[in-house]
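Below is one structure, written out as structure tokens; the observations come after it.
The values are calculated or read from the model by the stated rules, or taken from the named source; none is laboratory data. All of these numbers come straight from a predicted model, not from anything done at the bench. Here the Cβ positions follow ideal geometry from the backbone for every residue, glycine too, while neighbour counts run over all protein chains shown. The protein model used for the area step is the full one, side chains on, heavy atoms only, and it has no ligands, DNA or RNA in it. Shrake-Rupley method; radii C 1.70, N 1.55, O 1.52, S 1.80 Å.
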Amino acid sequence: RQTGTVETDAEKHDVEYLTPISIGTPPQDLIVDFDTGSSDLWVFSTEMAAKDIKGQAVYDPNNSSTSEKLQGSTWQITYGDGSSSSGDVYLDTVTIGNLTVPNQAVEAAKKVSDEFTDDPNNDGLLGLGFSSINTVQPTPQNTFFDNVKKNLDTPLFTTDLKHGAPGSYNFGYIDPAAYIGNISWTPVDNSQGFWGFTSPGYAVGTETLRNHSISGIADTGTTLLLLPKSIVKAYYSEVQGAQYDSSQGGYVFPCSPTPPDFVFGVNNGIVTVPGDMVLYAPIDSANQNCFGGIQSDTGIGFSIFGDVALKTSFVVFDAGGLQLGWAAK
Ligand SMILES: CSC[C@H](NC(=O)[C@H](Cc1ccccc1)OC(=O)N1CCC(N)CC1)C(=O)N[C@@H](CC1CCCCC1)[C@@H](O)Cn1ccccc1=O
């Protein structure tokens, strides 16, 4: 039985968290975005047109003695932000930290949308959602986590994303030194392939929790905390000078004073997003006005507890008990 840990690095404004992996023999090192909101492991590859590669590391299956083409298999994915990629599939050895999966489906990109080409630090995505939404055709493939979990002490992974500092993903164990107080557990609905859960309510600042069911997903691949419009309006009604700015595509407000905390319930516990984390990023060079880290989930169909929510907590993604655990740290 094994356990593993790997450090993940926050990019500017914690816009995404990038984590090193190795693929093939000899190992080819890439840095990818671990995404609990999707279930494909895809990487920039030598099968792409040179014009679509701008600084990223690429996977070369022909340079790996352990790669084996999955004949006839293809994949195509489009994300919530409209970015997309597609290509074909190889089985190869993938290592994360000290954990190795010998025959992991590695989806080699042939095409990627401009959002990926224009993000030089990101060499691909590693999906940590449920394998039911893997896009490989004709036969969907397992995620790294699904393949490695039989070798783990216990079938779970944890996230410890931080604000402007390296965080970590642990596999197979809960590190008692990584959190304080108790873990609040809540059941997971994985019927859509996501780490879905329902929060019982929310509060703005120091007020008492309002009962309001919020159904959403824990998603490391989404930067912000995307909530129902009514809750977002209630929050920003208590932020001086906040307004919806259609040119920015969301609520903006003066960067000072610090806005109130946002609290959401997890079963009989609570998670507090400090006001200074709601200050997502300045929208002007004078740092006068800031883009909010809490925005509306309109059009998505569910809320998204993205990095703004996750980085306040130590979160346990427990596939064995099909539950999510949230703890302060
Ligand atoms: C409404 S889901 C929007 C969300 N994409 C974001 O959150 C991007 C992430 C990002 C960061 C830096 C560079 C490029 C992209 O960032 C912003 O959209 N930002 C940050 C910067 C802000 N100024 C504006 C808002 C999103 O599609 N995530 C998916 C994973 C992403 C895809 C793009 C690359 C990074 C990983 C995914 O889990 C969302 N999913 C969740 C469930 C079902 C389908 C689905 O697809």
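Brief remarks on what is shown
- Any hit, segment 42-49, residues being under 26 Å from residue 194 (Cα atoms), within 16 Å of the ligand (Cβ to nearest atom), among the β-branched types (Val, Ile, Thr) and open to solvent by 40 Å² or more (accessible area, probe 1.4 Å): no
- For segment 18-27, the candidate set comprises residues that are at pLDDT 95 or above and under 16 Å from residue 122 (Cβ atoms); within that set, the residue that is farthest from the ligand (Cβ to nearest atom) is 23.
- Filtered residues of segment 257-292 (kept if of a type in the set (Gly, Ala, Ser) and either in a strand (DSSP E or B) or touching a Cys at 6+ places or on another chain (Cβ under 9 Å) (or both)): 265, 269, 281, 292
- Residue selected from segment 220-231 under the condition in a loop (DSSP other than H, G, I, E, B) and open to solvent by 10 Å² or more (accessible area, probe 1.4 Å), by the criterion farthest from the ligand (Cβ to nearest atom): 228
- The lone exception for residue 289 - which of (1) in contact with a helix residue (DSSP H, G or I) (Cβ under 8 Å, 6 or more places away or on another chain); (2) modelled with pLDDT of 95 or more; (3) not hydroxyl-bearing (Ser, Thr, Tyr) it fails: (1)
- Spans of strands (runs of 3 or more DSSP E) in segment 107-187 with at least 1 residues among the polar types (S, T, N, Q) and in contact (Cβ under 8 Å) with a residue 12 or more places away in the chain: 156-160, 167-171, 180-187
- Of all the criteria given as (1) within 16 Å of the ligand (Cβ to nearest atom); (2) under 20 Å from the mean Cα position of the chain (by Cα), the one not satisfied by residue 248 is (2).
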